[in-house]
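Just below is one structure, and these are the notes that go with it.
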Amino acid sequence: MPSSWEVRFCYLHYVFGALFHRRCVTLPVLFAMLSNHYGFLYSGPRNWLVLVFMMLAGALIRQSFVLRHKALATGRPVPWVYAMVGCAVLLVLVFAVAPRPPAPHSAAASALTFAQVQQVFTQRCVMCHNDQLANKGIKFDSAEMIEKNAQAAYQQAVVLKTMPLNNATQITDAERALLKRWFEAGTKISP
């Protein structure tokens, strides 16, 4: 049979653990659950650091809410330090994950044809976005459909890098750069 101090320790451990979880971890857990909907959070090279710092900022801001309510109930001044530090962490993260300006490319590298672009779409996209399947109502099986859906392709394949899903077709960074140059040049399908 456990002694009374062991029972008290277990009870205190349970209570403080539950309070900590409810008070500090609620916002970070919600953030972690929703983070897979936002490509900028997981597509970077140090995505785990982004998650850790976002969770830290959420815990700090949540703790600020708890201390604010406690201070207002007891008539003391509100401590804003936790909120300011949490917001500072968020601000640093915004600048850390912001897209970098593109590097200038030479005129020789700019000479690309629609046939090159269409080959990338045929190899990497058409198996899921064709006349029979058309995931999300988007097709890339003809030049007209590629031009029509160029904005969606650019957003998903170049900016967010979420397509192809889990990179199932093994699209390369060079192919993504090719699509980027084509889109930024005006998505011309004729030479």
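The values are calculated or read from the model by the stated rules, or taken from the named source; none is laboratory data. What you see is a predicted model; the values in this text were computed from it and never measured. Counting neighbours? That spans all protein chains shown, and the Cβs are built from the backbone with ideal geometry, glycine included.
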The stretch 179-191, subset of a type in the set (A, V, I, L, M) and surrounded by fewer than 18 Cβ atoms within 10 Å (Cβ to Cβ), residue modelled with the highest pLDDT:
A185
Collect the residues in the stretch 129-179 that are touching a Leu at 6+ places or on another chain (Cβ under 8 Å) and free of Cβ contacts under 8 Å to residues at least 40 places away in the same chain, keeping them in residue-number order.
A153, Y154, A157, V158
Are there any helices (runs of 4 or more DSSP H) wholly within the stretch 109-190 with 1 or more residues that are closer than 24 Å to Y38 by Cβ and either touching a Gly at 6+ places or on another chain (Cβ under 8 Å) or not assigned by TED's automatic domain parsing to the domain that holds N47 (or both), and if so which?
114-124, 150-153, 173-184
Just a yes or no: is a residue in the stretch 64-71 under 30 Å from L160 (Cβ atoms), surrounded by 11 or more Cβ atoms within 10 Å (Cβ to Cβ) and modelled with pLDDT of 70 or more?
no
Within the stretch 68-99, the count of residues that are in a helix (DSSP H, G or I) and within 30 Å of the chain's Cα centre (by Cα) comes to 17
